[in-house]
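These notes concern the structure reproduced below.
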Amino acid sequence: MGKIRGSAAETVSPAGDGFEEAPQTPPTETLSISQRAMRRGADRYLEALNPEQREAVETLDGPLLVLAGAGTGKTRVLTTRIAHLLRLGRAHPGQILAVTFTNKAAREMKQRVSELIGGAVEGMPWLGTFHAIGVKILRRHAELVDLKPSFTVLDTDDQIRLIKQLLAAENIDEKRWPARVLASMIDGWKNRGLRSERVPDGESYGFANGKGRDLYAAYQRRLKDLNAVDFGDLLLENLRLFQDHPDVLARYQQRFRYMLVDEYQDTNVAQYLWLRLLAQREDGEPQNVCCVGDDDQSIYGWRGAEVDNILRFETDFPGAKVIRLERNYRSTAHILGAASGLIAHNQGRLGKTLHTEGDDGEKVVVQGCWDDEEEARVIGEDIEQLQRHEHALNEIAILVRASFQMRAFEDRFITLGLDYRVIGGPRFYERQEIRDAIAYLDVTLNPSNDLKFERIVNVPRRGLGEATLKSLHQLARANEIPLTQAARLIVETEELKPKPRRALAGLLADFDRWRSMVDTMRHTELAELILDESGYTGMWQADRSQQAEGRLENLKELIRFMEEFDTLAGFMEHVSLVMDAATEEGTDRVNLMTLHSAKGLEFDTVFLPGWDEGLLPHQRSLDEAGRSGLEEERRLAHVGLTRARKNAKITFAQNRRNYGMWQTAVPSRFIDELPHEHVQVAEDDGLRGYGPSRFDSEDMFASGNYETPGWQRARANRQRSGGAPRREPITIEGTLVAASTAEGAGLELGQRVFHQKFGYGRVSAIDGNKLTVDFEKAGRKKVVDSFVERV
DNA sequence: TAAGCTGAAATTTTT
DNA sequence: TTTCAGCTTA
């Protein structure tokens, strides 16, 4: 994982080592002896802040919005503020509510607070993600919302499986109305704080001709039956709890004397409502709520985040103070200038002007490429160049808009032997083997968890297929009992054939045995035993596919992770909410990730490939959300640029393969929105022109309309290597040893081919690497083999 | 039950 | 083009 760095002004020593007396503190008599003793540590941490940061830390009463631009020390303000509250004795750790979006952010905040206050205060119980805090509150009052305190939190897989069952029960064609579509609709409604009865008609009609709302309601009923909630419910049920039980709400309002919210621009409606309920005090006490965010970094609108929440803050919280952090400690003036100039094109923003006192640095480089392969090649070469100048690979990142872009880079880096790591992707907990393992553990503890039982009943294969499961379901539904119980009954009957019957009985006996060991055996050992005896480990050991080894490794990692908990139940409680991908650090590698997952990170050098119209901004964003979509894409571009400390390079490709079809791409409009004074257009150094580019000009540029600006640029930058796409020229340490020939490319007379300019056609003559092709639309043309693809 | 086939879809991702 | 899910066939 790329390191999250603090701002450049990271010079604070852990508080507690200073001797200065605090300049302004509350009356000493209100503090305990230990607090007074702690206070001798003084306010050195405040002196390390700039005036705006300091104001944000010291404005303790009333609503406060801190607009913290990229690299302006946002996390430091939040953590210092918490430390300050504690140091002044304004609140006990248990009276501060601090919410983040990710576990990572929560962990980091804990870490930094405890560094600031010298580790003297035990962990803050109410510092965590919205969801983690939501679970905590919900467990305490579960009965008030028709749940048992032991409720389980469903993951996405379980959700889908459950919805599939509902659709089947309603005889809804899953092809036309896929379960995942309904799942994401329900998710969207929950993000907006909507319970089924309040789903608007129009939206209800969006699924299965008006069954949307009813299915949502049925889904919720099933959840209650299962004593389960999904992620969205964690907040929604909190809202219900607070709304229906004002006394409970009042207790939390009084408890949380100070509230802090990180990444406020990412909050959705439900989270916003939740915060408002907690902050809205009727007893006349001030609403000490401090939200920190940056409207220019709001990039999660598509999953329910409402930029409006941050834009509306002053209306929502009358008398709110707004403090802008605009002093950037991260990037050079050129990078900042480019980013600021770009984001200034957005309309709906509160407006900030980032500035730095640092060097101008290098201008942002822009370079056009022929296609994505060349893009990868150019960037690969740049990286090798940087490497020769001892630039750490860890400090280089390639930020792409969509993950399919990564492939070209991975291919290239593998050929170059350049170490890289991919950040993001499927998270640890989401991996199949991890979910399977957890399902085994879950059923061991909780035999009535039907969804988990179904998941693993035939993994590894035990001959318990569709037919068996169907009988089980029938019996379970008829008697309203969990599947495992139905299984117990059914093995006593003649209903199943001997084979499945024996298999099922065996599995039940296994679970019983494992369950009997829960209290006596160490939970990590038990987990290993279960995975072993169930045949699950064996299944992957027998699997000779490439990924099998990694999966076994992940299972071991899971056991290691369990060590951090005392009991199996304790582990299960947290596993769905608090398990991140374990990213190795340590080795020096180039970082490859999406723009989304780059938020919050920073690197010396950042490459931003794929600034093509349609990719960034993404076409789908434009289609679905119009101007606000465009603005979110622009913010994404802005996030990308502001990740760079020293160097940023933007590239675009003139040809991109979209689902197999070559398409001519146009440079992103964002490129032309960058201020000229901060940008340098890369010149072709002529060194890269190997391969067919030496001799294909006569064909490529002799005829036809090649005078468009795009083609002119393409010509200026032409560095195409030999070989049809996906077929690298054979090189030994960069020396071309075998250029493509028509024969080598497997072309023969009559072969149907595709050309990005002329379309489809058939080869009518071959002369070395030059082909004569009869194109279906463009007629007979002479082209170089490397410009066509076999189809 | 399991491999092979066919057709549709194809951003971004956290909890 | 690739991937993946669901369906068909051995």
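The values are calculated or read from the model by the stated rules, or taken from the named source; none is laboratory data. All of these numbers come straight from a predicted model, not from anything done at the bench. Positions of Cβ are generated from backbone atoms using ideal geometry, with glycine treated the same way; all protein chains shown enter the neighbour counts.
Of everything in region A:166-179 that is closer than 17 Å to A:R222 by Cα and at pLDDT 85 or above, the residue that is nearest to DNA strand B (Cβ to nearest atom) is A:A179. Contact map, region A:414-437: first residue closer than 26 Å to A:A376 by Cα, second residue within 10 Å of DNA strand B (Cβ to nearest atom) and among the polar types (S, T, N, Q), Cβ cut-off under 6 Å, separation 6 or more or different chains; pairs are A:I423/A:S597; A:G424/A:T594; A:G424/A:S597.
Would you mind finding the one in A:E673, A:E632, A:E677 that is in contact (Cβ under 8 Å) with a residue 24 or more places away in the chain, within 26 Å of A:G337 (Cβ to Cβ) and within 16 Å of DNA strand B (Cβ to nearest atom)? Quick ask: steps written out before the conclusion?
On the way: A:E673 fails: within 16 Å of DNA strand B (Cβ to nearest atom); A:E677 fails: within 16 Å of DNA strand B (Cβ to nearest atom).
Result of the check over A:E673, A:E632, A:E677: A:E632.
Of everything in region A:401-410, what is crowded, with 19+ Cβ neighbours inside 10 Å, aliphatic (A, V, I, L, M) and out of contact with any helix residue (DSSP H, G or I) (no Cβ under 6 Å at 6 or more places or on another chain)? Give them in sequence order. Break it down stepwise before answering.
Of the residues in region A:401-410, the ones crowded, with 19+ Cβ neighbours inside 10 Å are A:401, A:405-406, A:408-409.
The next check asks that each one be aliphatic (A, V, I, L, M); those that pass are A:406, A:408.
The answer is A:M406, and nothing else.
If the condition is being at positive phi and among the basic types (K, R), then region A:606-644 contributes no residue at all.
Exactly one residue among A:R90, A:R54 is basic (K, R), in a loop (DSSP other than H, G, I, E, B) and surrounded by fewer than 22 Cβ atoms within 10 Å (Cβ to Cβ), and that residue is A:R90. When A:N554, A:N591 are checked against the criterion of being closer than 30 Å to A:T332 by Cβ and either buried (at least 18 other Cβ atoms within 10 Å of the Cβ) or of a type in the set (S, T, Y) (or both), A:N591 stands alone in meeting it. Scanning region A:144-159 for residues that are crowded, with 17+ Cβ neighbours inside 10 Å and closer than 24 Å to A:W302 by Cβ yields A:V153, A:L154, A:D155, A:D158, A:Q159.
In region A:411-432, which residue that is closer than 19 Å to A:H574 by Cβ and buried (at least 16 other Cβ atoms within 10 Å of the Cβ) is nearest to DNA strand C (Cβ to nearest atom)? Please lay out each step first, then the result.
If we filter region A:411-432 for residues that are closer than 19 Å to A:H574 by Cβ, which is where we start, we get A:427-431.
Narrowing the set further to residues that are buried (at least 16 other Cβ atoms within 10 Å of the Cβ) leaves A:429, A:431.
On the way: A:Y429: 17, A:R431: 12 Å.
My answer is A:R431.
Only one residue in A:R222, A:R240, A:R251 is in a helix (DSSP H, G or I), more than 16 Å from DNA strand C (Cβ to nearest atom) and not assigned by the TED database to the domain that holds A:E143, so which one is that?
Working: A:R240 fails: not assigned by the TED database to the domain that holds A:E143; A:R251 fails: not assigned by the TED database to the domain that holds A:E143.
Checking each option against the conditions leaves just A:R222.
Does A:I335 satisfy the condition of being surrounded by 21 or more Cβ atoms within 10 Å (Cβ to Cβ) and closer than 30 Å to A:F413 by Cα? Here the answer is yes, as A:I335 does meet what is asked.
Quick check on region A:145-201: of everything there that is in a helix (DSSP H, G or I) and of a type in the set (K, R), which residue is nearest to DNA strand C (Cβ to nearest atom)?
Filtering region A:145-201 for residues in a helix (DSSP H, G or I) gives A:145, A:156-169, A:179-191, A:196-198, A:201.
Keeping just the survivors that are of a type in the set (K, R) gives A:161, A:164, A:180, A:190, A:198.
Values: A:R161: 10, A:K164: 7, A:R180: 9, A:K190: 23, A:R198: 29 Å.
Among those residues, the one meeting the criterion is A:K164.
Taken as a whole, the structure places A:D672 among residues that are within 25 Å of A:D382 (Cβ to Cβ), at pLDDT 85 or above, within 30 Å of the chain's Cα centre (by Cα) and surrounded by fewer than 21 Cβ atoms within 10 Å (Cβ to Cβ).
For A:I160, the criteria (1) touching a residue at least 40 places away in the same chain (Cβ under 8 Å); (2) under 16 Å from A:D450 (Cα atoms); (3) not basic (K, R) hold in every case but one, which is (1).
Please find, among A:M124, A:M109, the residue that is within 16 Å of DNA strand B (Cβ to nearest atom) and either aliphatic (A, V, I, L, M) or surrounded by fewer than 19 Cβ atoms within 10 Å (Cβ to Cβ) (or both). Talk me through it step by step, then tell me what you get.
Details: A:M124 fails: within 16 Å of DNA strand B (Cβ to nearest atom).
When all the criteria are applied, what remains is A:M109.
Looking only at residues in region A:244-267 that are of a type in the set (S, T, N, Q) and surrounded by 15 or more Cβ atoms within 10 Å (Cβ to Cβ), the one that is nearest to A:H141 (Cα to Cα) is A:Q253.
Take the residues in region A:640-669 that are hydrophobic (A, V, I, L, M, F, W, C) and surrounded by fewer than 24 Cβ atoms within 10 Å (Cβ to Cβ), then tell me which one is nearest to DNA strand B (Cβ to nearest atom). Ranking the qualifying residues of region A:640-669, first place goes to A:M661. Looking across region A:494-553, the residues that are of a type in the set (D, E, K, R) and not in a helix (DSSP H, G or I) come down to A:E494, A:E495, A:K497, A:D519, A:R522, A:D543, A:R544.
Residues in region A:538-558 that are over 29 Å from the mean Cα position of the chain (by Cα) and without any contact (Cβ under 8 Å) to a residue 60 or more places away in the chain: A:Q541, A:A542, A:D543, A:R544.
Does A:L65 qualify as being surrounded by 20 or more Cβ atoms within 10 Å (Cβ to Cβ), in a strand (DSSP E or B) and in the same structural domain as A:Y272 (by the TED database)?
Values: surrounded by 20 or more Cβ atoms within 10 Å (Cβ to Cβ): yes; in a strand (DSSP E or B): yes; in the same structural domain as A:Y272 (by the TED database): yes.
It is true that A:L65 is surrounded by 20 or more Cβ atoms within 10 Å (Cβ to Cβ), in a strand (DSSP E or B) and in the same structural domain as A:Y272 (by the TED database).
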